[in-house]
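Report on the following structure.
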């Protein structure tokens, strides 16, 4: 299709909903960003989409729709399997529903897969192949892009790196490296090391404590350095399985926790080398995501492009 044709990209997450109009290059022309009310579940999100579409599409004609959904989906049919955060998405025909709303073709995929596509073609993975991606946010997700296309296993999903087991007791990578897991570690500091920099910065914050990690690291806080090392080692151990199975040329770190920046990237890269067999050394490059919260919307536009 022509790059001038407008496309619609939608991100449906557990905490946010984004709708963007853009083109086949991934450039965003207009955006609407809304918070998600968990108590209202999937019905609430669908009502938000119904209200927002007419406003966003005023005087705009779109050719196709791409969706990044926060949970496993059957990408062939556009039916959601479930959401781990919002009730009401189990076996929902999302592509059919959106097709009725817009009158255009719709493709739906997992949001981490879609973010991987965005970063691969328009972000930190440009020119590299294969591209691995991991998002460290309210959960931990992953995606793999080969030859410019999302890798798909058998339905309903693949690359669910957050559900990799770190031990035989059932400890998952997500339970150690998700934003909420890091938040919990920082809250513990209020009891064990209340006078430390990180504990003082987090204060009485109820959720989102991990956002103070970068500032505490900048001030040389020992507790912050310890938490960073533990998270980086757990993440690298999980990523070592990705390396040995698929050996991507690059692994991109995205999501809110990637905002820690270079200290996280360097720590993960160093730890990963120790978990990777000699034949694969030096292993994939570790990069920080370039698109920020645009990774899923941009990837959704690129996904929509595949519909034409």
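Nothing in this text is a laboratory measurement; each read-out follows from the coordinates by a stated rule. Quick caveat, the model's predicted, so the values are computed rather than measured. In this analysis, Cβ positions are derived from the backbone assuming ideal geometry, glycine residues included, and neighbour counts consider all displayed protein chains.
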Placing each pseudo-label 7 Å from Cα in the direction of the beta carbon, residue 129 and residue 191 end up separated by a distance in nanometres of 5.2
Can you tell me the length gained on complete extension of the stretch residue 102 to residue 285, counting 0.36 nm per residue apart and subtracting the Cα distance?
61.8 nm
Using the 10 angstrom Cβ neighbour count as an exposure proxy, how do 169, 177 rank, fewest first?
169, 177
To make sure I understand, if each residue's beta carbon is the centre and we count other beta carbons within 10 Å, what order do 90, 61, 120 fall in, fewest to most?
61, 90, 120
Measuring from the longest principal axis of the C-alpha atoms of the chain, the long axis of helix 222-246 (C-alpha) lies at a number of degrees, nearest 10, equal to 60
Using only Cα atoms, tell me the angle between helix 111-122 and the longest principal axis of the chain; keep it within 0 to 90° and round to the nearest 10.
90
Residues 16, 192 arranged by fewest to most Cβ contacts within 10 Å:
192, 16
Here FRET efficiency (C-beta to C-beta, residue 171 to residue 241, R₀ 22 Å, nearest 0.05) is 0.95
Report the relative contact order of the range 121-237, percent, no decimals, based on alpha-carbon pairs under 8 angstrom and at least 6 residues apart.
18
Against the longest principal axis of the chain, how steep is helix 262-275, in degrees 0 to 90 to the nearest 10, with axes from Cα atoms?
80
How much length is gained if the chain between residue 16 and residue 147 is pulled fully straight, taking 0.36 nm per residue apart and subtracting their Cα-Cα distance, in nm to one decimal?
44.2 nm
Can you compute the label reach from residue 27? Point 7 Å from Cα along the Cβ direction, backbone N cut-off under 15 Å, restricted to the range 111-131.
122
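Could you grab the relative contact order for the chain? Cα pairs under 8 Å, six or more apart, rounded to a whole percent. Could the numbers behind the result be given before it?
On the way: 670 pairs, mean separation 67.0, N = 308.
Relative contact order here is 22 percent.
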222 nm mean residue ellipticity, helices alone, for the chain (DSSP H n ≥ 4; -39,500 (n - 2.57); rounded to 500):
-12000 deg cm²/dmol
Return the percentage of antiparallel bridges among DSSP beta bridges fully within the chain, rounded to the nearest 5 %.
55
